[in-house]
1. Check segment 68-85 and report whether any residue there is within 14 Å of the ligand (Cβ to nearest atom), open to solvent by 40 Å² or more (accessible area, probe 1.4 Å), in the same structural domain as TYR167 (by TED's automatic domain parsing) and in contact with a helix residue (DSSP H, G or I) (Cβ under 7 Å, 6 or more places away or on another chain).
2. If you check every pair at least six apart or on different chains, which have Cβ atoms under 9 Å apart with a residue in segment 82-97 that is within 11 Å of TYR167 (Cα to Cα) and outside any loop (DSSP other than H, G, I, E, B) first and a residue that is of a type outside the set (Ser, Thr, Tyr) and open to solvent by 80 Å² or more (accessible area, probe 1.4 Å) second?
3. It is to be established whether one or more residues within segment 121-134 are part of a loop (DSSP other than H, G, I, E, B), over 20 Å from GLU81 (Cβ atoms) and among the small types (Gly, Ala, Ser).
4. I'd like the full set of residues that are closer than 30 Å to GLY119 by Cα and in a helix (DSSP H, G or I), limited to segment 51-81.
5. For ALA55, only one of the following conditions fails: (1) modelled with pLDDT of 95 or more; (2) within 31 Å of the chain's Cα centre (by Cα). What is its number?
6. Could you please let me know if ARG138 is under 20 Å from TYR126 (Cα atoms), open to solvent by less than 40 Å² (accessible area, probe 1.4 Å) and not β-branched (Val, Ile, Thr)?
7. For segment 108-119, how many residues are touching a residue at least 40 places away in the same chain (Cβ under 8 Å) and surrounded by fewer than 17 Cβ atoms within 10 Å (Cβ to Cβ)?
8. Return the total of residues in segment 142-190 being of a type in the set (Val, Ile, Thr), open to solvent by less than 70 Å² (accessible area, probe 1.4 Å) and more than 10 Å from the ligand (Cβ to nearest atom).
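The values are calculated or read from the model by the stated rules, or taken from the named source; none is laboratory data. Remember, it's a predicted structure, so these values are computed and weren't measured experimentally. Ideal geometry is used to build each Cβ from the backbone, glycine not excepted, and the neighbour counts take in all protein chains shown. Ligands, DNA and RNA are excluded from the accessible area calculation, which covers all protein heavy atoms including side chains. Shrake-Rupley method; radii C 1.70, N 1.55, O 1.52, S 1.80 Å.
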Amino acid sequence: MTDKPVEHSHDFDGIVELDNDLPRWWLGIFWVTTIVAVFYVPYYHFMYPEKLPEAALLASQEARAEELAKIEAAKPKPVDEEADLLAKYNAGGWEEAAKADFTTFCVPCHAPDGGGTIGPNFTDDYYIHGGKLTDIRRIIVEGVPAKGMISWKVSLKPQQIENLTFYIRSLRGTTPATPKAAEGKLVDEAGNFTE
Ligand code: HEC
């Protein structure tokens, strides 16, 4: 194959350039790859733009971000008890049961209209232990035994305690017949102490 015509036209210092035909296998590979390239280049760049490295990277980054967002969403969120209670308070439906329990259990010390007798007045903006729903519920549950306020966690169900919490909150801003002088400290609208 290689020893066909020898070209002598390029000759320098006795070094002669040979012009042999390229081997067929080499030419074969050359043409096959050239033809494949003609089709492959447009195919690679234009047929599936989403498979190009940059797009593929972006897609995988997006997928990962989505995965992370899911993991983040699946984490237990801190419970905002005050907001939960407030939503139930605003939803209503507790009024009747609450009033009945208040009349049975709380009236002796807090008066029928919440104006207070032995226990403090629930109608003003002053609270001894805080005016948030969670504060009121905590005091009903735990009581203040040293001051004569009973702990109700044994004798009342959690639902009853929740209803009473709402009832006491609803008394705030009402006008009782014989209001007891304010006790405790001033609270803001949300029930947080102002000082
Ligand atoms: C035996 C009397 C008595 C009864 C019955 C009673 N309380 Fe009280 N309550 C008190 C006294 C006294 C206080 C004040 C405690 C203090 O000074 O820390 C009080 C305080 C409270 C407070 C806190 C008020 C504040 O200013 O922080 C809440 C809330 C409360 N009572 C709810 C109730 C509910 C609800 C019932 C009925 C299930 C009830 N109480 C029944 C005597 C009573």
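1. no
2. ALA97/GLN159
3. Among the residues of segment 121-134, not one is part of a loop (DSSP other than H, G, I, E, B), over 20 Å from GLU81 (Cβ atoms) and among the small types (Gly, Ala, Ser), which makes the answer no.
4. Residue satisfying the conditions is GLU81 alone.
5. (1)
6. Numbers: under 20 Å from TYR126 (Cα atoms): yes; open to solvent by less than 40 Å² (accessible area, probe 1.4 Å): no; not β-branched (Val, Ile, Thr): yes.
In short, no.
7. 2
8. Residues in segment 142-190 being of a type in the set (Val, Ile, Thr), open to solvent by less than 70 Å² (accessible area, probe 1.4 Å) and more than 10 Å from the ligand (Cβ to nearest atom): 1 in total.
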